[in-house]
Amino acid sequence: MDTTATLDVTQTATPPSGIFESKLAIRLQGVTKHFGSVKAVAGISLEIPQGQIVALLGANGAGKTTTLDMIEGLTQPDSGSVQILDGTPQQAINAGHLGVIMQSGGLPGDKRVGQMLRLVASTYPQVKDVEKVMSMTDIQDLVRRRISKCSGGEQQRVRLALAMLPDTRVLIMDEPTAGMDPSARRRFWELMRRQAREGVTIIFATHYLAEAEDFAQRIIVMNRGRIVADGTPAEVREHVSRQRFTAVIPSISEGGAVEILDVKGKVAALAADHEWDVSWEGDRLRVSGANLSALGAYVLALPGVHGAELTNASLEEAFSELADAGETGETTIESEK
């Protein structure tokens with residue numbers, strides 16, 4: 001059975017007026033891509049406004065890398081269209097509006113950091129002040145260090161500086177904080193938020209679900225070449241109906257045994273009707289499943305109940321369930337714009 005739910009993306013950042021002619025940063029319309037008999041991207045349509053931070057999630061083979069390659073102009077779609085700002089990806093690259101940060105590679109190890117930045121800056125018609133970019137990306141202390149001597153996290157900051165040299169308006173990142181320690185990661189995302197407030201659109205692919213939940217305004221989940229979820233982190237998480245309920249149910253009367261057995265029987269009957277997973281640890285009840293409100297109402301009405309807690313699925317659980325649903329085509333969450 002096909003089920004389609006609609007989520008409104010409400011956390012769009014609005015860039016200052018007058019910065020760009022168009023308020024739409026990226027538009028994909030009916031985009032497909034095949035590699036032989038493999039359908040890597042299966043007709044997706046997507047719009048991303050300026051100033052939004054978007055996390056793209058998906059298991060290996062989900063289609064996210066191919067989608068990013070088409071946005072970056074590295075791969076041409078078999079059908080459909082890709083628009084960056086007011087033109088094609090190649091036009092955005094030529095104008096210095098599209099920046100890309102890869103997880104690894106792309107840096108000559110024999111060059112010094114400052115030398116590399118000035119060399120790349122010389123290839124653009126318009127660039128920011130190199131010293132300011134180095135300060136902004138926290139690499140001013142690396143100016144004279146050879147890139148081969150930089151740590152993985154330091155090299156990521158160098159890639160960021162290189163991407164931010166021109167008039168970058170769309171920034172695509174693949175695992176951008178790989179190799180960074182927690183402090184560097186925090187500073188990195190503080191910078192990304194500042195850039196988004198100035199109207200830069202940021203799309204990052206990551207396997208750190210906590211990072212997506214903490215820093216993305218919008219999450220897009222892909223599976224089997226399709227978008228299976230598109231919404232805010234809370235919307236994606238809340239769409240997955242799986243919940244967890246825990247409570248301590250002490251013996252109700254002096255004997256207690258009959259009453260507890262009755263409670264366990266009632267819970268088991270409810271679980272059978274709703275396909276819940278139930279476990280008991282002494283008098284502590286743990287249940288996971290969908291729509292646990294009926295269970296909560298029943299348990300909370302019992303005397304002596306304490307420690308009751310109802311929680312929604314984590315983003316990791318939501319991601320796993322959406323990916324599994326995408327395998328069978330049962331669930332799609334689409335953002336309505």
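The values are calculated or read from the model by the stated rules, or taken from the named source; none is laboratory data. From a predicted model like this one, the values you see are computed outputs, not experimental measurements. Cβ atoms come from the backbone with ideal geometry, glycine included; neighbour counts cover every protein chain shown. What goes into the accessible areas is simple: the full protein's heavy atoms, side chains included, and nothing from ligands, DNA or RNA. Shrake-Rupley method; radii C 1.70, N 1.55, O 1.52, S 1.80 Å.
Here the gap between Asp214 and Gln29, fully extended at 0.36 nm per residue and compared with their Cα-Cα distance, gives a gain of 63.7 nm. In this label model, Ala269 and Ala234 are separated by 3.8 nm, measuring between points 7 Å along each Cα→Cβ vector. For Lys132, the accessible area of its heavy atoms, probed at 1.4 Å with every protein chain present, is near 140 square angstrom. Working note: Karplus 6.51/-1.76/1.60 with θ = phi - 60° gives the range 100-111 the couplings 10, 10, 8, 5, 8, x, x, 10, x, x, 7, 7 Hz, where Gly and Pro are set to x. Of the residues Arg193, Arg157, ranked by 1.4 Å probe accessible area with the largest first, the sequence reads Arg193, Arg157.
The Ala290 and Thr88 beta-carbon pair, evaluated with R₀ = 51 Å, returns a calculated FRET efficiency of approximately 0.70. Reducing the range 158-216 and the range 31-90 to their Cα centroids gives an inter-centroid distance of 19 Å. Per-residue accessible area (protein heavy atoms, 1.4 Å probe) orders Lys149, Lys128, Lys64 as Lys149, Lys128, Lys64, starting from the largest.
With a Förster radius of 22 Å applied to the beta-carbon distance between Thr311 and Glu281, the computed FRET efficiency rounds to 0.80.
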